[in-house]
Amino acid sequence: MRLKTRLFMSFLLIVILPILLAFVLYFLIASGRVNGNEETSPLYFTNTIDTLINDTDPEVQELKQWSKAFPDRFLKTDILKEINSSLSSANSFLVVKQGTRVVFDGAPDGMHPRYSRLPVYGKLSGSDVMVVKLENQSAMLREVDFGDYKDRYHGQAFVITPTGTVIPGAGKILITYVLWMALILLITAFVIVTLLYNSIIRKVRRMQEATENIRNGNLDFTLKVKGKDEISELAGSIERMKNHLRADAMQKLETEDAQRKFLSNITHDLKTPLTSVIGYSEGLIDGIAPTPDKQMKYLTIIHNKASEMNDLLNELSVFTKIDTDSIPYDFSRVNARGFFDEFAEENEVEFDSQDAIFLYQCDLPDGCEIMIDTSQIKRVLHNLVSNAVKYRRDGIRLKVMLRVSDAGEFIQAEIADNGRGISQDDLPHIFERLFRADKARNTQIKGSGIGLSIVKKIISDHGGQVWATSIEGTGSKFYFLLKKCSDKEEPDEQDSDN
Ligand code: ADP
């Protein structure tokens with residue numbers, strides 16, 4: 001349930017529940033079930049006279065019956081005492097007059113009426129009510145007449161209800177009400193606070209613990225909060241943030257690890273040719289190469305090893321630039337066919353000299369132009385071709401094929417080799433920085449694992465894409481796309497700031 005709805009419901013509960021319970025309480029008190037006394041009914045507050053009349057009505061009706069059928073009973077003290085005692089349970093009493101003489105006075109002490117002030121015979125009749133003064137308070141009086149002048153006497157029976165008794169009853173009700181209402185409010189508040197505590201505070205506490213953990217760098221926990229309210233959503237966000245931070249931390253660790261490995265590989269890869277350079281140059285200095293032929297051989301080795309180190313350092317420098325996103329591009333509009341023809345020519349000669357085959361096929365129309373940094377795209381081609389050479393299969397004549405074709409808005413270049421191929425497990429990772437398929441290291445092939453990540457960066461900075469397919473033990477195919485120039489495009493427009 002949403003927090004808004006829950007607060008609204010709590011509000012309704014706080015307001016409506018006590019009101020409902022107050023009503024129930026009212027009727028319970030009214031029916032005398034709460035304190036077992038109907039005389040303390042709340043009706044005292046609303047309709048005091050009617051209530052008092054109702055309270056004494058049964059006795060008054062009985063007296064009326066006597067007046068018609070058994071007037072003698074008014075003169076029998078025993079029977080009058082009985083009626084008086086049943087009236088006393090309604091806080092009332094009976095006074096009977098015969099003529100001017102009071103024959104029965106059931107008033108409790110201190111409540112006797114002033115007889116002279118009692119109404120005269122025949123003045124008050126039926127259901128009329130009158131207020132009279134008692135010794136120390138007022139009272140409500142009802143009258144039932146009996147006998148008449150023809151019968152030589154006239155009698156009056158007065159049912160008197162001191163009104164002072166109403167007030168203590170009302171006070172009792174007030175106290176009962178206040179106590180019950182206080183109890184109802186306490187229970188309602190307790191229930192609602194407990195519900196809110198359970199639904200909100202506990203979740204907030206758990207989130208607080210979670211954020212403390214994050215602050216202390218402990219990301220190995222799961223924050224699970226059930227529900228669909230805003231607090232649970234916030235908890236979900238904290239959990240996602242933690243997962244994100246953890247993924248970042250893992251990535252950082254992996255990168256740091258890869259960089260450590262990279263440094264140690266580079267050191268190793270630089271050290272090997274350097275040792276050769278030092279060895280052969282010392283040999284020359286020490287004169288262990290007496291003939292010019294031998295000296296030339298040593299110098300050639302020194303030159304090759306120095307070039308190897310130079311290539312490696314060049315790659316390192318590009319790698320650093322990739323890291324800081326600052327490869328300096330110099331875009332120009334070039335004829336695609338011309339560009340690839342030139343690259344193919346250089347390679348065909350080199351491959352021939354190494355007893356390898358370089359095949360080239362270009363299906364592009366003559367006027368097709370691309371906007372590229374020629375030196376960087378040459379670096380891409382060079383990386384791909386030199387990988388094909390590096391990862392050739394022993395005992396099999398290397399065959400590399402460069403095929404360039406039209407792909408709508410793009411031109412597609414494909415470099416296929418018949419080398420050792422890449423396992424399906426490694427294939428998705430080869431464009432990652434510092435990734436080297438295990439086999440490459442195992443077989444002592446030199447490399448840093450950054451060549452293809454440089455390729456990917458350069459191609460994507462040209463707005464293209466690069467991907468590869470491979471069958472282990474058969475060969476690999478690398479593809480990349482470069483966007484063609486639209487007719488209106490000017491070289492300056494696409495120059496990169498990189
Ligand atoms: P390096 O060659 O320096 O290891 P690269 O980024 O150029 O790094 O290549 C990453 C990995 O991809 C290599 O270690 C190698 O396992 C694999 N690879 C790349 N090109 C080829 C290829 N033509 N044939 C087989 N494996 C290749």
Anything in segment 330-354 that is outside any helix (DSSP H, G or I) and within 23 Å of ASP406 (Cβ to Cβ)? List them, or say none.
PHE331, SER332, ARG333, VAL334, ASN335
How many of the residues in segment 368-388 are under 15 Å from LYS456 (Cα atoms) and in contact with an Asp or Glu (Cβ under 6 Å, 6 or more places away or on another chain)?
1
Return yes when ILE201 is on the phi < 0 side of the Ramachandran plot, surrounded by 12 or more Cβ atoms within 10 Å (Cβ to Cβ) and out of contact with any helix residue (DSSP H, G or I) (no Cβ under 9 Å at 6 or more places or on another chain) and no when it is not.
yes
I'd like the residue in segment 373-387 that is touching a Gly at 6+ places or on another chain (Cβ under 9 Å) and closer than 13 Å to ASN314 by Cβ and, out of all such residues, is nearest to the ligand (Cβ to nearest atom).
ASN383
Per the filter on segment 281-293, residues surrounded by 10 or more Cβ atoms within 10 Å (Cβ to Cβ) and over 27 Å from LYS446 (Cα atoms) are ILE288, ALA289
Which numbered condition ILE396 fails, given (1) among the hydrophobic types (A, V, I, L, M, F, W, C); (2) loosely packed, with under 15 Cβ neighbours inside 10 Å; (3) within 12 Å of the ligand (Cβ to nearest atom)
(3)
Qualifying positions in segment 426-449 - modelled with pLDDT of 75 or more, closer than 15 Å to GLY473 by Cβ and more than 8 Å from the ligand (Cβ to nearest atom):
LEU427
Filter segment 406-420 down to residues that are within 12 Å of the ligand (Cβ to nearest atom) and among the aliphatic types (A, V, I, L, M) and give me whichever is surrounded by the fewest Cβ atoms within 10 Å (Cβ to Cβ).
ALA416
In segment 237-245, is there at least one residue being more than 30 Å from SER199 (Cα to Cα) and either at pLDDT 90 or above or not in a helix (DSSP H, G or I) (or both)?
no
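Among the helices (runs of 4 or more DSSP H) lying completely within segment 1-81, list those that include at least 1 residues that are at pLDDT 75 or above. Talk me through it step by step, then tell me what you get.
Numbers: elements: 3-30, 43-46, 48-69.
Helices (runs of 4 or more DSSP H) meeting the threshold: 3-30, 48-69.
One line per residue, one yes/no per condition, for (1) within 25 Å of PHE351 (Cβ to Cβ); (2) part of a loop (DSSP other than H, G, I, E, B):
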position	(1), (2)
VAL385	yes, no
VAL400	yes, no
ARG420	yes, yes
GLU432	no, yes
LEU452	yes, no
VAL455	yes, no
TRP467	yes, no
Take the conditions modelled with pLDDT of 95 or more and either within 11 Å of the ligand (Cβ to nearest atom) or among the basic types (Lys, Arg) (or both) and apply them to LYS390. Does it pass?
no
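The values are calculated or read from the model by the stated rules, or taken from the named source; none is laboratory data. Just so you know, these numbers come straight off a predicted model, no measurement behind them. Virtual Cβ from ideal backbone geometry, glycine too; neighbours counted across all protein chains shown.
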